[in-house]
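Student: Have a look at the structure that comes next, please.
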Amino acid sequence: MVNAHAPVFPDGFLWGASTAAHQVEGNNVGSDFWQAENHGTGDLADRSGDACDSYHRWPEDLDIVRDLGLNAYRFSIEWARVVPAPGHPSRAMLDHYRRMIEGCAERGLTPVVTLHHFTSPAWLRAEGGWTSEAAISHFTAYVRAVLPILDGVPWVCTINEPNMVAMMVTRRANGMGHADPSFVTPDPGMTAALSRAHAEARELLASVPGLRSGWTVANQNVQDHGAGPDRTAEMSYLIDDQYLDVAKGDDFVGVQAYSRLRAGRQGVIAPGPADRRTMIGWEYYPLGLEDAVRHTAARLGGSTPLLVTENGIATGDDGERIEYTREALTGLARAMADGVDVRGYLHWSLLDNYEWGSWEPTFGLVAVDRTTFRRTVKPSARWLGQLTQSPAAALGQGGAA
Ligand code: GAL
């Protein structure tokens, strides 16, 4: 039963922004993605290079988050830095990430920490990657190494978007480009490996008092546009639901939503010239967030709390970012008013950052000068910060108590 008088966004709701290590830190030289950028097949347009130099400038980034009036920051720990060689974790790197966690606390920010955000150590790939014999024990050794620095971290995401990682394997195997809109079945071997890694990591993380762990799923909102209910359900199962099923019984599940996938008679209906599209080519569909949280809650039977760990838009027009985010949050408030248990909203992304092969799509609330690394807070960031002070009023009816 929904309490009509309870505020839609309760006290303690997390309002923040997200980043990922490889996309912002710079010089992540031990990772497999760095290898691909610098010694790969040459199909990536840009290199990450110094990225946003957040490896050194994280205190400035945290100051920005605090000064905007947000109360949470999601960032990731880089496995390749913490374990530069198998069996030899780096004390100095652990100290670095511990300082970031303490830096959050000092500023009154809740840290949301991801352990694996797409990148793995280059040495793991050389050993055969995630599906190799020893991969899970390498991952659990990494998790064991970070356990002591996670004291006081209430939210830990084990693996970011396992569904996208497993789909990437199929794409690579079939020589399909990153932006190819065709339907891709995630690689089953990769799915099995990541699911096991997630379960074993959760077991270890349970030893840290007060820590909640879960994984984050890229919710693709498969919608029936001619494919029929059976094929739509099958597609949804393959790319979303099997990963949500793994999250059953977890402390929370991270919801990441940007758009939707229209399942047509002949396969995926790619957004065309008639559709409004974002800078990255995705359909402009801010209702994707509402769809995603409703779908996730329904699939999990309502027993697992949700955390929106990513939502945002690639656009060169900051006014459009505000328009998109307002619509997304209005939809989120609607779902929450209907009883969907959402504990926070973390916008993707804090910074204009390295978008996995390209610097072009700008997702940031804050611009970063690629030469001086100077940060410039955009109006959308101030708008979001202000909204969080009294969201119900800011969103009108949809967010009203
Ligand atoms: C997600 C990913 C992020 C970011 C975002 C925008 O899939 O977790 O790292 O790149 O998409 O494309």
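The values are calculated or read from the model by the stated rules, or taken from the named source; none is laboratory data. From a predicted model like this one, the values you see are computed outputs, not experimental measurements. Heads up, the Cβs are rebuilt from the backbone with ideal geometry, glycines too, and the neighbour counts pull from every protein chain shown. Remember, those area values only see protein heavy atoms, side chains included, never the ligands or the DNA or RNA. Shrake-Rupley method; radii C 1.70, N 1.55, O 1.52, S 1.80 Å.
Student: Which of (1) open to solvent by 50 Å² or more (accessible area, probe 1.4 Å); (2) away from the ligand (no atom under 16 Å from the Cβ); (3) under 17 Å from Glu360 (Cβ atoms) does Glu60 not meet, given it meets every other one?
Tutor: Of everything listed in (1) open to solvent by 50 Å² or more (accessible area, probe 1.4 Å); (2) away from the ligand (no atom under 16 Å from the Cβ); (3) under 17 Å from Glu360 (Cβ atoms), Glu60 misses just condition (3).
Student: Among the residues in region 356-365, are any in contact (Cβ under 8 Å) with a residue 40 or more places away in the chain and within 25 Å of Ala333 (Cα to Cα)?
Tutor: Filtering region 356-365 down to residues in contact (Cβ under 8 Å) with a residue 40 or more places away in the chain leaves 356-363, 365.
Next cut, within 25 Å of Ala333 (Cα to Cα) only: 363, 365.
Checking region 356-365: at least one residue is in contact (Cβ under 8 Å) with a residue 40 or more places away in the chain and within 25 Å of Ala333 (Cα to Cα).
Student: Here is a check on your reading of the model: is Glu355 crowded, with 19+ Cβ neighbours inside 10 Å, within 21 Å of the chain's Cα centre (by Cα) and among the charged types (D, E, K, R)?
Tutor: Values: crowded, with 19+ Cβ neighbours inside 10 Å: yes; within 21 Å of the chain's Cα centre (by Cα): yes; among the charged types (D, E, K, R): yes.
It is true that Glu355 is crowded, with 19+ Cβ neighbours inside 10 Å, within 21 Å of the chain's Cα centre (by Cα) and among the charged types (D, E, K, R).
Student: Search region 202-219 for residues that are in contact (Cβ under 8 Å) with a residue 60 or more places away in the chain and pair each with any residue that is part of a helix (DSSP H, G or I) and among the basic types (Lys, Arg) when their beta-carbon atoms are under 9 Å apart and the residues are at least 6 apart or on different chains.
Tutor: What qualifies is Leu204/Arg144; Gly214/Arg202.
Student: Just wondering, is there one or more residues in region 325-340 that are acidic (Asp, Glu) and closer than 22 Å to Val113 by Cα? Walk me through how you get there before you give the answer.
Tutor: Pass one, region 325-340, residues acidic (Asp, Glu): 327, 338.
Still in the running and closer than 22 Å to Val113 by Cα: none.
No; the residues of region 325-340 include none that is acidic (Asp, Glu) and closer than 22 Å to Val113 by Cα.
Student: Please verify whether region 341-351 includes one or more residues that are over 22 Å from Pro111 (Cβ atoms), touching a residue at least 24 places away in the same chain (Cβ under 8 Å) and either more than 12 Å from the ligand (Cβ to nearest atom) or in a loop (DSSP other than H, G, I, E, B) (or both).
Tutor: First, the residues of region 341-351 that are over 22 Å from Pro111 (Cβ atoms): none.
Looking through region 341-351, none of the residues is over 22 Å from Pro111 (Cβ atoms), touching a residue at least 24 places away in the same chain (Cβ under 8 Å) and either more than 12 Å from the ligand (Cβ to nearest atom) or in a loop (DSSP other than H, G, I, E, B) (or both).
Student: Quick check on region 207-238: of everything there that is of a type outside the set (Phe, Trp, Tyr) and within 16 Å of the chain's Cα centre (by Cα), which residue is nearest to the ligand (Cβ to nearest atom)? I'd like the intermediate steps shown before the answer.
Tutor: First, the residues of region 207-238 that are of a type outside the set (Phe, Trp, Tyr): 207-214, 216-236, 238.
With within 16 Å of the chain's Cα centre (by Cα) added as a condition, the list becomes 213-214, 216-221.
Working: Ser213: 18, Gly214: 15, Thr216: 8, Val217: 10, Ala218: 5, Asn219: 10, Gln220: 10, Asn221: 14 Å.
So, considering only residues that are of a type outside the set (Phe, Trp, Tyr) and within 16 Å of the chain's Cα centre (by Cα), the one nearest to the ligand (Cβ to nearest atom) is Ala218.
Student: Right, something else. Any residue that is closer than 22 Å to Asn71 by Cα and open to solvent by less than 10 Å² (accessible area, probe 1.4 Å) - is there at least one of those in region 286-296?
Tutor: yes
Student: Confirm whether Leu306 is more than 18 Å from the chain's Cα centre (by Cα), closer than 16 Å to Gly254 by Cβ and not polar (S, T, N, Q). Before you say what the answer is, go through the steps one by one.
Tutor: On the way: more than 18 Å from the chain's Cα centre (by Cα): no; closer than 16 Å to Gly254 by Cβ: yes; not polar (S, T, N, Q): yes.
No, not satisfied.
Student: May I ask you to verify whether Thr371 is away from the ligand (no atom under 16 Å from the Cβ), closer than 30 Å to Gly49 by Cβ and either in a strand (DSSP E or B) or open to solvent by 10 Å² or more (accessible area, probe 1.4 Å) (or both)? Outline the logic, then answer.
Tutor: Values: away from the ligand (no atom under 16 Å from the Cβ): yes; closer than 30 Å to Gly49 by Cβ: yes; either in a strand (DSSP E or B) or open to solvent by 10 Å² or more (accessible area, probe 1.4 Å) (or both): yes.
When the stated conditions are applied, Thr371 passes them.
Student: Do you know which residues across region 85-128 are under 16 Å from Tyr73 (Cβ atoms) and part of a loop (DSSP other than H, G, I, E, B)?
Tutor: Hits for region 85-128 are Arg107, Gly108, Leu109, His117.
Student: Scanning for something touching a residue at least 24 places away in the same chain (Cβ under 8 Å) and closer than 28 Å to Asp369 by Cα, does region 149-160 turn up at least one residue?
Tutor: Of all residues in region 149-160, those touching a residue at least 24 places away in the same chain (Cβ under 8 Å) come to 149-160.
With the extra rule that they be closer than 28 Å to Asp369 by Cα, the set shrinks to 160.
Within region 149-160, one or more residues are touching a residue at least 24 places away in the same chain (Cβ under 8 Å) and closer than 28 Å to Asp369 by Cα.
Student: Identify, from the list Leu62, Leu44, the residue that is assigned to a loop (DSSP other than H, G, I, E, B) and not charged (D, E, K, R).
Tutor: On the way: Leu62 fails: assigned to a loop (DSSP other than H, G, I, E, B).
Exactly one of Leu62, Leu44 is assigned to a loop (DSSP other than H, G, I, E, B) and not charged (D, E, K, R), namely Leu44.
Student: To continue, here is another question. Kindly evaluate Ala80 against the criterion of being in contact with a strand residue (DSSP E or B) (Cβ under 6 Å, 6 or more places away or on another chain) and either surrounded by fewer than 16 Cβ atoms within 10 Å (Cβ to Cβ) or assigned to a helix (DSSP H, G or I) (or both).
Tutor: Values: in contact with a strand residue (DSSP E or B) (Cβ under 6 Å, 6 or more places away or on another chain): yes; either surrounded by fewer than 16 Cβ atoms within 10 Å (Cβ to Cβ) or assigned to a helix (DSSP H, G or I) (or both): yes.
Criteria met by Ala80.
Student: Let me ask something additional. Residue pairs, Cβ under 8 Å, 6 or more apart or interchain, first in region 72-90 and aliphatic (A, V, I, L, M), second modelled with pLDDT under 95. List them.
Tutor: none
Student: Are there strands (runs of 3 or more DSSP E) fully within region 259-321 with at least 2 residues that are within 16 Å of the ligand (Cβ to nearest atom) and under 20 Å from Leu351 (Cα atoms)? List them. Break it down into steps so the answer makes sense when it comes.
Tutor: Numbers: elements: 261-264, 267-269, 306-310.
The qualifying strands (runs of 3 or more DSSP E) are 306-310.
Student: Which residues, taken from region 358-368, are in a loop (DSSP other than H, G, I, E, B) and either crowded, with 18+ Cβ neighbours inside 10 Å or among the aromatic types (Phe, Trp, Tyr) (or both)?
Tutor: First pass over region 358-368, keeping only residues in a loop (DSSP other than H, G, I, E, B): 358-365.
Once the filter is applied, which keeps residues that are in a loop (DSSP other than H, G, I, E, B) and either crowded, with 18+ Cβ neighbours inside 10 Å or among the aromatic types (Phe, Trp, Tyr) (or both), region 358-368 yields Trp359, Pro361, Thr362, Phe363, Gly364, Leu365.
Student: Identify all residues within region 121-140 that are open to solvent by 50 Å² or more (accessible area, probe 1.4 Å), under 23 Å from the mean Cα position of the chain (by Cα) and not β-branched (Val, Ile, Thr); write none if there are none. Steps first, answer last, please.
Tutor: Of all residues in region 121-140, those open to solvent by 50 Å² or more (accessible area, probe 1.4 Å) come to 125-127, 131, 133, 137.
Subsequent filtering for residues that are under 23 Å from the mean Cα position of the chain (by Cα) retains 125, 131.
Result: Arg125, single match.
Student: Restricting attention to region 209-253, and to residues there that are part of a helix (DSSP H, G or I) and among the small types (Gly, Ala, Ser), which single residue is most open to solvent (accessible area, probe 1.4 Å)? Can you show your working first?
Tutor: Of region 209-253, the ones part of a helix (DSSP H, G or I) are 229-246.
Checking which are among the small types (Gly, Ala, Ser) leaves us with 233, 236.
Details: Ala233: 58, Ser236: 9 Å².
Out of the qualifying residues, it is Ala233.
Student: Let me ask something else about it. Quick check: is even one residue across region 121-141 modelled with pLDDT of 95 or more and within 16 Å of the ligand (Cβ to nearest atom)?
Tutor: No, region 121-141 contains no residue that is modelled with pLDDT of 95 or more and within 16 Å of the ligand (Cβ to nearest atom).
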